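First up is the structure itself, then whatever we jot down about it.
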Amino acid sequence: MRILFVGDIVGKGGRRAVAELVPQLRREFGCGLVVANGENMAGGGGMNGKCIRSITPAPAVDVVTGGDHMWDQKDFVQEIDHFPWVLRPANVYAGQPGRGFGLFKTEEKVEVAVISLLGRTFLNNQADCPFAAADRILAEIGGQSPVVVVDFHAEATSEKIAMGRYLDGRATAVFGTHTHVATADEQVLPGGTAFQCDVGMVGARDSILGRAIAPVLQRFSTGMPARFDVVNQGISLHGTVVECDPASGRARQVWRVARNFD
Ligand SMILES: [Fe+2]
Ligand SMILES: [Fe+2]
């Protein structure tokens, strides 16, 4: 059984690329479930109902995960409960709407648990310990689903590798998101967990993490504020496919996928 995981979708260009390319990739790789990080879908920050409907449901994306930009679109707080296939990070204030993990059925009717977690190192947030949260959620899921996919939305490669090692043998895949740059370290760890520090993004090649180059350069070189507009053309999709045994949840293989959309 195979699952496709897609990195941070940035803006309208990213959504268009996902809507068109993901159904093709799903067929090409025989994936029964697609998970994508949607924290930058709406104009580069946050998400809303319109964005979600433009990429879900299958044959594009089945499950959308979140990150530090989860609530950038102010009305989404009221909307999230209409979208049970959208997850916000699990290790946040208890009062936040939505949920941090869920069970979803693949095309083959295999149950897959998907968990959204937020890192704390070099991220200015007030998230709870993501390691303890992972333990809690895995205990709650119990034996309901041996196949578990974790989106670890974090900045530091060390924290991400630590999470991969921490969950090795207990999750099918631990995939990093947030940095928007795909890393070349995809591997199946000794306990059977597929791991990659960062899956990358669905965003513009001629950009800085999906944003126009000039204003980002201006801010870096002068320290003056600038508006970081999203670049919506010249989009590449970065994703990762994991092949696993549905009975044990162990990963067999993992590989990176990159496609140019326009
Ligand atoms: Fe992001
Ligand atoms: Fe992020």
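Students often check this: by mean Cβ neighbours within 10 Å, which of 230-242, 118-130, 153-165, 72-84 ranks highest, and how do the rest follow? Present the calculation step by step, with values, prior to reporting the outcome.
Working: 230-242: 21.9, 118-130: 16.4, 153-165: 20.4, 72-84: 14.8.
Ranked by mean Cβ neighbours within 10 Å, highest first: 230-242, 153-165, 118-130, 72-84.
Can you give me the convex hull volume of the Cα atoms of the chain, divided per residue and expressed in Å³?
Given the Cα convex hull of the chain, per-residue volume reads 115 Å³.
In whole percent, what relative contact order does the chain give with Cα contacts below 8 Å and a gap of six or more residues?
On the way: 674 pairs, mean separation 51.3, N = 262.
For the chain, the relative contact order is 20 percent.
Counting residues in region 24-84 as N, plug N into 2.2 N^0.38 Å and put the Cα Rg over that result.
Working: Rg = 12.1 Å, N = 61, 2.2 N^0.38 = 10.5 Å.
With N residues counted in region 24-84, Rg over 2.2 N^0.38 Å equals 1.16.
Fully extended, how many nm does the chain gain between Ala132 and Val216 (0.36 nm per residue separation, minus their Cα-Cα distance)?
So the extension gain works out to 26.6 nm.
What does the charge count around Ala184 come to, taking other residues whose C-beta lies under 12 Å from its C-beta (Lys +1, Arg +1, Asp -1, Glu -1)? Mind showing how you got there, number by number?
Values: positive: Arg256; negative: Asp185, Glu186, Asp198.
Residues close to Ala184 contribute a combined charge of -2.
What length, rounded to one decimal in nm, is gained on full extension from Asp81 through to Leu103, with 0.36 nm per residue of separation minus their alpha-carbon distance?
The Asp81-Leu103 span can extend by a further 6.4 nm.
With runs of 4+ DSSP H residues as the only contributors, calculate the mean residue ellipticity of the chain at 222 nm using -39,500 (n - 2.57) per run, divided by the residue total and rounded to the nearest 500.
Numbers: 6 runs with 62 residues, N = 262.
When only DSSP H runs of four or more count, the value is -7000 deg cm²/dmol.
Give me the distance in nm between label points sitting 7 Å out from Cα along the Cα-to-Cβ direction at Gln96 and Asn124, one decimal.
So the two model labels end up 1.7 nm from each other.
So between Arg256 and Asp185, what do we pick up on full extension, going 0.36 nm a residue minus the alpha carbon distance?
Taking Arg256 through Asp185 to full extension adds about 24.6 nm, to one decimal.
May I ask you to give the average projected area over all directions of the convex hull of the Cα atoms of region 164-262, in nm² rounded to one decimal? Can you show the working numbers first?
Working: hull surface 30.6 nm².
Over every viewing direction, the Cα hull of region 164-262 projects on average to 7.7 nm².
Amide H of Gln187: which non-local residues (sequence gap of 5 or more, or other chain) have their own amide H closer than 5 Å, using H built in the peptide plane?
Amide H to amide H, under 5 Å and 5 or more residues apart or across chains, Gln187 pairs with Phe195.
Non-local amide H neighbours of His153 (under 5 Å, H modeled in plane, Pro and chain starts lacking H): which ones?
When sequence neighbours closer than 5 places are left aside, the close amide H contacts are Leu117, Leu118, Gly119, Thr177.
In sequence order, what are the phi-derived ³J(HN,Hα) couplings for region 4-11 according to the Karplus relation 6.51 cos²θ - 1.76 cosθ + 1.60 with θ = phi - 60°, rounded to whole Hz, with x for glycine and proline?
Those phi angles translate into 9, 10, 10, x, 3, 8, 9, x Hz.
Show the residues, 5+ positions off or on another chain, whose built amide H is closer than 5 Å to the amide H of Asp72.
So Asp72 has HN proximity to Gly46, Met47.
Could you run the Karplus curve 6.51 cos²θ - 1.76 cosθ + 1.60 with θ = phi - 60° over region 192-203 and give me ³J(HN,Hα) per residue in whole Hz, x for Gly and Pro?
With coefficients 6.51, -1.76 and 1.60, one gets x, 9, 6, 9, 8, 4, 8, 7, x, 9, 10, x Hz.
So what are the ³J(HN,Hα) numbers for region 247-258, from phi and the Karplus equation (6.51, -1.76, 1.60; θ = phi - 60°), rounded to whole Hz, Gly and Pro as x?
My calculation for region 247-258 gives 6, 9, x, 6, 6, 9, 8, 9, 8, 7, 10, 9 Hz in order.
Could you identify which residue out of Leu217, Leu103, Leu189 has the top mean-square fluctuation in a GNM of the chain using Cα springs shorter than 10 Å?
With Cα springs under 10 Å in the chain, the top fluctuation among Leu217, Leu103, Leu189 is at Leu217.
Counting only DSSP beta bridges with both residues in the chain, what percent are antiparallel, rounded to the nearest 5?
About 50 percent, rounded to the nearest 5.
Could you please rank Tyr93, Tyr166, placing first whichever residue has the fewest other Cβ atoms within 10 Å of its Cβ?
Sorted ascending by nearby Cβ count, the order is Tyr93, Tyr166.
For region 1-137, rounded, prolate or oblate, judged on the Cα gyration tensor with a ≥ b ≥ c (square roots of eigenvalues), a/c < 1.5 rounded, else prolate if a/b > b/c?
oblate
Taking a point 7 angstrom from the Cα of Arg170 along the C-beta vector, which residues in region 96-127 have backbone N less than 13 Å away?
none
Going by alpha carbons, how many degrees (0 to 90, nearest 10) lie between the helix axis of 157-166 and the longest principal axis of the chain?
On a 0 to 90 degree scale, this one is about 10.
Treating cross-link reach as a plain straight distance, find the lysines whose alpha-carbon is under 22 Å from the alpha-carbon of Lys74, omitting any fewer than eight places away in the same chain.
Lys12, Lys50
Name the shape class, rounded, prolate or oblate, that the alpha-carbon gyration tensor gives for region 60-145, where a ≥ b ≥ c are the square roots of its eigenvalues, rounded holds for a/c under 1.5, and otherwise prolate holds if a/b is larger than b/c and oblate otherwise.
Here region 60-145 falls in the oblate category.
Can you give me the relative contact order of region 28-146 as a percent, contacts being Cα pairs under 8 Å and 6 or more apart?
20
A short reminder: the numbers here are calculations on the coordinates, not readings from a lab. On a predicted model such as this, the values are computed, not experimentally measured, just so you know. When we count neighbours, we look across all protein chains shown, and the Cβ atoms used for this are built from the backbone with ideal geometry, even at glycine.
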